[in-house]
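These notes are about the structure you will find just below.
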Amino acid sequence: MLNDKYSVLFEPLKIGPVTARNRFFQVPHCTGMGHLRPKADAATRAIKAEGGWAVVCNQETEIHPSSDLTPFTEGRLWDSRDIPALRLMTDAVHTHGALAAVELVHNGNHASNLSSRAPVFAPSDMSVDSIVPKQAKAMDKADIRALRRWHRDAARRAKSAGFDIIYVYAGHHMTLPQHFLLPNMNDRMDEYGGSLANRVRLIRELLEETKDEVGDTCAVAFRFAVDEMSGVDGMQASEEGRAVVEMLAELPDLWDVNVSDWSNDSATSRFMPNEGYQTPYIEFVKQVTTKPVVAVGRLTSPDKMVSMIKSGVVDFIGAARPSIADPFLPHKIQTGRIEEIRECIGCNICVASDNMGMPIRCTQNPTMGEEWRRGWHPEQIEPKGKETEALVVGAGPAGLECAMQLAKRGYEVTLAEARTQLGGRAILEGGLLGLSSWKWVSDHRIYDLQQRGNVKTFSQSPMTAQDINDLAIPNVFIATGAKWRRDGVGRSSRGPIQKDPQMTILTPDDLMAGHLPPRGPVLIYDDDQIYLAGVLADHLSSAGYEVIFATPATNVSPWTENTLEQVRIQTTLIKRGVQLILGKTLTQINAEHAQLSCIYSKFEQHVEMASILLVTERKRKTELFDALGEDLNHNHFKKLKLIGDAEAPGLIADAIFSGHMAARHFEKSQRNIEREYFRREIVALEGN
């Protein structure tokens, strides 16, 4: 039942010649499926439309071979042969009553053209925006005329593909129109350079020509980064950002406004914890234009959404990551099920998927990206089979997800947790500086389980093999997790590191359990190289510890480049005074110092410290599973399954996925599971 105070969110609103059924707008975001997996991409977008989003956009869609983003799989509209693949998406979205939008793009020097081998274009001669041995050429007038023609042709093809809204895109430091706009990229002295009016010229031409080509039936949107968030060294919303909006105020049918670059627009909750964090930069836009405005900011609270609309900040609630975490967010608000929303935790695992060139995934929503290839729906699951009950041991991310999905299927579920508090590593890591939103992983699942009459939950209930045998529940899922190693085994050392027993040696488990290091310098040795060691360094230094951070990597937490955090992490640690020792392996732990070795020269370095925190590798906790498995042929078990970190340590997203998949696969034969692991989109070979 819709609460009256949220009714404004469900008002229809015109965008040029088309009308959105409500104010929920899934802005363009990548899925890692794009032109190579169009069926999967279409199914992912269709779920958003089914979940109540009035506008569903695809990802950046290349308009020409000179904007080839290989090896990353985005949209593609080079010629008419790309129309059928995109038609899959528009048809799927229209089936559920939503508008379909396409984000046309020429990426300029952000595209290396590694597959097409076309020349790379930019406003001026400059390096390519990736570490490849190529440079971009300054576009001459013929190149600019060609670009305008390619964009117009792509807009026409987009209309033929069934899109209702067609984007001109100038944001994220990824597109030629924005490159022409920025003085640090455009040093031209002709009519496309110099003054702001000249630097805006290309954008104006693309907007005018797109409207001329398709504006009779399609809305034309302009996605624009009003601020680079680099102060006087870049475009600022208070100066040139506002001036651009004033110049073009009534030209597009819709303003989609944000900040640059991508690491700012999609900042993680660790560094931008507040919902609606982009509002101070974009709130001026509606004062300048009469056209509808959409903006983002990891918005999940309906009260915040209503406030932004009624205060005149936006007309549409934009979302990428919240629509990934919960495609049914609008529907849940409309039907009065706000407590059931899976809130985006801002971890950027979805972003990492794109940066790693793989199909999208999400910590909160394990069905994201699996809608077509595995047939998973975020709100629906197959009912139970012949079995009636199941036991889940361990209430961390995997155990909670598995128990929740088994309960949804209709099984009688018993959930046993050894600790006082449910949540496992989601709660423990959520207690560290900057990661408080990670607790939402457990909050969502605990709330769901509490609403179900077919779930019995027991905390402070460590289970032995005898306990489980005594329960006589025939189907058992073991989610006992993993523990951080104390012996130094990790990426760089496959054997234990020699250590003196007088040195205090800690692991992340110790710190998350509340055991702090003794006063004095603490050396954090990061051979995990993902995210946790950087978090712990920040956590301890903020608590007043003298922290030394050593790692075999050549920068801090290198994996977090995928989540767009690495620069912020290293900057934060430097500002906190953390001593960074990069490119060094730990070879020996002595009573008062550690011995490090350069990964290149093997030169040794001694570091004095009072304690050492080893962040190296995790060891699976399988003792309970092993004890049960020894008697598997002699007891009542029908199903005995390891899940989550106990099966294979990984991210929290991996643990959630493991628990979800175990619940989905329950009562399916292993042969069928392997045969139907997932569908692949295979290119058909046809004669010329």
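Values in this text are rule-based calculations from the coordinates and carry no lab data. Predicted model, so just to flag it, every value in this text is computed and none were measured. Positions of Cβ are generated from backbone atoms using ideal geometry, with glycine treated the same way; all protein chains shown enter the neighbour counts.
Annotations for the structure displayed:
- Other residues whose C-beta falls under 10 angstrom from the C-beta of ASP82 contribute a net charge of +2, scoring Lys and Arg +1 and Asp and Glu -1.
- For the chain: relative contact order, % (alpha-carbon pairs under 8 angstrom, 6 or more apart): 11
- For the range 477-555, the gyration tensor built on C-alpha atoms gives a rounded shape. Its axis ratio a/c (a ≥ b ≥ c) stays under 1.5.
- Global form of the range 485-619, assessed from the alpha-carbon gyration tensor, a/c cut-off 1.5: rounded
- Per residue of the chain, the DSSP helices (runs of n ≥ 4 H) give a summed -39500 (n - 2.57) that works out to -8500 deg cm²/dmol at 222 nm.
- For the range 272-412, the Cβ-based charge dipole about the Cα centre amounts to some 300 debye (Lys, Arg positive; Asp, Glu negative; other atoms uncharged).
- The ranking of CYS350, CYS30 from fewest to most other beta carbons within 10 Å of each one's beta carbon is CYS30, CYS350.
- The chain - charge dipole about Cα centre, Lys and Arg +1 at Cβ, Asp and Glu -1, debye rounded to 20: 1020
- Ranked CYS57, CYS218, criterion: other C-beta atoms within 10 Å, fewest first: CYS218, CYS57
- Checking (1) 27.0; (2) 29.3; (3) 26.2 against the coordinates, the calculated Kirkwood radius over Cα pairs in Å falls under label (1).
- Residue (of VAL226, PRO322, GLN287) at the positive-pole extreme of the range 4-355, dipole from beta-carbon charges: PRO322
- Intensity falloff of the range 4-355 expressed as log10 I(q)/I(0), Debye formula with alpha-carbon point scatterers, at q = 0.12, 0.13 Å⁻¹: -0.81, -0.96
- Selection from HIS94, LEU613, PHE180 lying farthest towards where the dipole of the chain points positive, charges on Cβ: HIS94
- Relative exposure of CYS347, CYS598, judged by other C-beta atoms within 10 Å (fewest first): CYS598, CYS347
- In Hz, Karplus ³J(HN,Hα) per residue of the range 114-130 (6.51, -1.76, 1.60; θ = phi - 60°; x = Gly, Pro): 5, 8, 6, 6, 6, x, 8, 9, 7, x, 9, 4, 6, 5, 6, 7, 6
- Environment charge of THR554, counting only residues whose C-beta is closer than 13 Å and scoring Lys/Arg +1, Asp/Glu -1: -1
- Length-normalised contact order of the range 375-487 in % [C-alpha pairs under 8 Å, at least 6 apart]: 35
- In order along the range 558-563, phi translates into HN-Hα couplings of x, 4, 6, 4, 5, 9 Hz, rounded to whole numbers, per the Karplus curve 6.51 cos²θ - 1.76 cosθ + 1.60 with θ = phi - 60° and x for Gly and Pro.
- Beta bridges by DSSP in the chain, antiparallel share as percent, to the nearest 5: 20
- Taking a straight Cα-Cα cut-off under 30 Å and skipping sequence neighbours fewer than 8 places away in the same chain, the lysines within cross-link reach of LYS575 are LYS439, LYS584, LYS602.
- Cα gyration tensor, the range 1-137 - rounded (a/c under 1.5), prolate or oblate: prolate
- Of the residues THR335, ALA352, PRO397, the one whose Cα sits farthest toward the positive end of the charge dipole of the range 333-398, with +1 on the Cβ of Lys and Arg and -1 on the Cβ of Asp and Glu, is ALA352.
- The charge dipole of the range 160-263, taken about its Cα centre with unit charges on the Cβ atoms of Lys, Arg (+1), Asp and Glu (-1) only, comes to about 160 debye.
- Cut-off under 5 Å, modelled amide H: who pairs with SER127 long-range: ALA136
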